[in-house]
Structures are given as structure tokens and as C-alpha cells.
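Just so it is clear, none of the values below were taken in a lab; they were calculated from the coordinates. It should be emphasised that the depicted structure is a prediction, and the values quoted were computed from it without experimental measurement. Here the Cβ positions follow ideal geometry from the backbone for every residue, glycine too, while neighbour counts run over all protein chains shown.
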Amino acid sequence: MTWPACGTETDRGSPGAEPAPEALPELLPRRGRDGSFTLYSSACDEGFHSAAGALREANEKFVVPAALERFAPGRELVVAEVAVGTGTNTAALLAAATTAGLDLDWWGLELDHRPLALALADTGFRAQWPAAVVGRLEELSGGDRLRLGDARRRLPELLDTLAGRCDLVLLDAFSPQRCPQLWSLEFLEELVRLLRPDGRLLTYSSAAAVRRCLQDLGLELRAIRPPADEPERWSAGTAASFTPVAPHPSLRPLEPFERVHLASRAAVPYRDPTGTATAAEILAWRQREQEQSKAPPARLPQRRGPAGLGRSGGHR
């Protein structure tokens, strides 16, 4: 997701409208440490991916925790992706699914068509993937499976077709403090309706407000393990499902301190009852609710640091 989703204003045009050209932010090309293509949004003052790299992040936080090996070859997986951005998560999942002998019935929500177009125009990005994956991305970028516009308005269209059918839902919007519209209780409540009973929602966010909403909506939570070369981090994201999540090397149960954190003021949700609030309005409402809350203040182990609460290093 890009502007105006992370700003103080929001597009209030027709449901499928793209933001007006004058409202679009500057998107600056970047390379992660793994050499993969990414972008930086001037409007959000935030990168689309971690400094480690878009390709590494897509695999560690989405593809591996999806545990595609649990599906029999020949199966078609129904996938919904929120905030498609450069299409790195999509491409990584397509490549992994092909290797596993799986087909994808893919649907995506994205505000701005430019990130995917910029990625597809980059020779380094194209070189990361088999030709068939690039071709599928090009097909999706111009097809009706990619719904452009405010995800809050386009999500009902997906629900009409996909409610209760999705094997995977990927949530990769800008961080909650930048784009609270796509982390609100109301948006998450609608988003999880896409899931099959054994479907899995995956997100890089470990924020207490996000996890608490998912838990209150009846989902079982697992933390995504951080990579071994980042021992200072205590979580790399969240996997959630209505049914128990099978053990997997990339996932672990929440630790006691994480569960305590879900009862703190940090777990006060982002709220957007009308689905039309600006980021500034949602953040202000939450701050007031936190100030009035009788819940204890947030406390996390100092040795672990706050990185797991959002996308560290300016991630999206």
C-alpha cells in the first residue's frame, strides 16, 4: 500500500479509484543487502522491505511459514494478498508453489499500480525469477485479480467471491503506525472472513494490537521465528489460523512475555468503525484510548528490543 493509505488524508473517490496523480508520493528504488529490488516511500518515510532484502523477507516471513509441503501436489491454493507492492511476495510464492507442484488462484489488493510496474521494469528484479513467474506477474498486473484502490473498499469484492475459501492470506501493508487503516480491528475482522477453517493468515507484524485483534477474533497465534543471524530479535512476524497450527521449524508458540504483552496498553486496537478514517484520526483515537486504559503499560525484555513490534529498519 502507498499514499494516501499512510498519510493524513485519504482518497474519498469511487470504490475502485486510484489516487489522483498529484497525491502520489515519490517512490525511490533501493537494493537490500541480498541485492533484491525494493522501494522507499517518501510519503510514509518507510521502506517497502527490511534492509536485509525483499527476497529474503518474502521467503522468511511468508513462503516458508506458509508450509506449502502440507498440501498434496496438484492442489490449487486460493491466496489473497493485501498490499501487493512490488510483487516480491507474490513472485516468491508462485516460484515455491511451482516447485511444490501446486497451482495458485491468486487475488490481490493494492492502492498504487506503480510499485509492481517499477519492479517489472527492473532487470535485476526480473532476473530473480523464472520466466514463467515473470510472465504470471505481468498477467496479474493487468488483470482483474489485482484490485486497485483503497483496500478497505475493495475487500468486500473479494469476500463476495472468496469468503471462507482462502488457504493463505498475506498481510504486508506499511507498519501499523504508518498505515493503521489496514491494521484496524474492523479491517482485520473482515479480512479473516476470507480464511478457510484451516487457512493461515501470515504477516510480518508482531504488534500486540494486531495479535490481540486476531486472538479476539478466534484465531490461534504462532510467532514466526527470526533468522538465526538476527539473535537480537524475538519475533519475525505472526501466523494465525482458526484451527491449531501444526508444528513447523519456522513457527513457535507465543512466549509467556508475549502473552503478557497482549494484556498491556500496547494491545489497544486501532479502530476505524466507518472504514473511512485517516491515519491521523485512527492514531489519535488509539492514543486517547490508551491514555484512558486501566491495562498495565507495555514491558518487553530489554535484551530483545522492540524490533518485533513492527517492521524494523523501516520495513513495510
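Kirkwood Rh and Cα-based Rg: tell me the resulting Rg over Rh for the chain, rounded to two decimals. Show your work: numbers first, answer last.
On the way: Rg = 18.2 Å, Rh = 19.5 Å.
On the Cα set of the chain, Rg over Rh gives 0.93.
Could you put 161, 278 in order, starting from the residue whose Cβ has the fewest other Cβ atoms within 10 Å? Let's see the in-between values first.
On the way: 161 12, 278 18.
Result, fewest neighbours first: 161, 278.
Taking the Cα-to-Cβ direction at residue 230 and at residue 252 and moving 7 Å from each Cα, how far apart do the two end points lie in nm?
1.4
Quick check: residue separation of residue 105 and residue 299 times 0.36 nm, minus the Cα distance between them. What number comes out in nm? Before the final figure, lay out each step's value.
On the way: separation 194, 0.36 × 194 = 69.84 nm, distance 4.15 nm.
Net length gain for the segment: 65.7 nm.
What relative contact order, as a whole-number percentage, does the range 48-158 give when Cα pairs under 8 Å and 6 or more residues apart are counted? List each step's numbers first, then the result.
Values: 136 pairs, mean separation 29.4, N = 111.
Computed over the range 48-158, the figure is 27 percent.
Between residue 138 and residue 289, what is the spin-label point distance in nm, taking each point 7 Å from the Cα along the Cα→C-beta axis?
Simple spin-label model gives 4.6 nm for this pair.
How large is log10 of I(q)/I(0) for the range 186-261 at q = 0.13, 0.19 Å⁻¹ when the intensity is taken from the Debye formula with one equal scatterer per alpha-carbon?
Ignoring solvent entirely, the Cα scatterers give -0.36, -0.76.
Scan around residue 106 for amide H atoms under 5 Å from its own, H built in the peptide plane at 1.01 Å from N, and keep only partners 5 or more places away or cross-chain.
Here 79 satisfy the definition.
Residues with amide H under 5 Å of residue 237's amide H, sequence separation 5 or more or different chain, H placed in the peptide plane at 1.01 Å from N; which?
So residue 237 has HN proximity to 224.
Mind checking which of 93, 244, 266 is farthest towards the positive end of the range 53-270's charge dipole, using Cβ charges of +1 (Lys, Arg) and -1 (Asp, Glu) about the Cα centre?
Of 93, 244, 266, it is 266.
Note down the magnitude of the dipole of the range 53-270 about its Cα centre, charges +1 on Lys and Arg C-beta and -1 on Asp and Glu C-beta and zero elsewhere, to the nearest 20 debye.
Values: 25 positive and 29 negative charges, 76 e Å.
About 360 debye.
Under 17 Å from a label point 7 Å along Cα→Cβ of residue 159: give me every residue in the range 198-239 with its amide N that close.
Once the point is set 7 Å along Cα→Cβ of residue 159, 214, 217-219 turn out to lie under 17 Å by backbone N, inside the range 198-239.
Take residue 26 and residue 45, extend 7 Å from each Cα along the Cα→Cβ direction, and tell me the distance between the two endpoints in nm.
Computed distance between label sites residue 26 and residue 45 equals 1.5 nm.
On a full-extension model of 0.36 nm per residue, what is the gain between residue 220 and residue 193, subtracting their alpha-carbon distance, rounded to one decimal in nm? List each step's numbers first, then the result.
Details: separation 27, 0.36 × 27 = 9.72 nm, distance 1.46 nm.
Additional length available on full extension: 8.3 nm.
Under the definition of Cα pairs under 8 Å and six or more residues apart, what whole-number percent is the relative contact order of the chain?
Working: 655 pairs, mean separation 64.3, N = 316.
Worked out over the chain, it gives 20 percent.
Taking only DSSP H segments of four or more residues, each worth -39500 (n - 2.57), what value at 222 nm results for the chain once the sum is divided by all its residues, to the nearest 500 deg cm²/dmol? Write out the running numbers ahead of the final one.
Working: 10 runs with 88 residues, N = 316.
So the helix-based figure for the chain works out to -8000 deg cm²/dmol.
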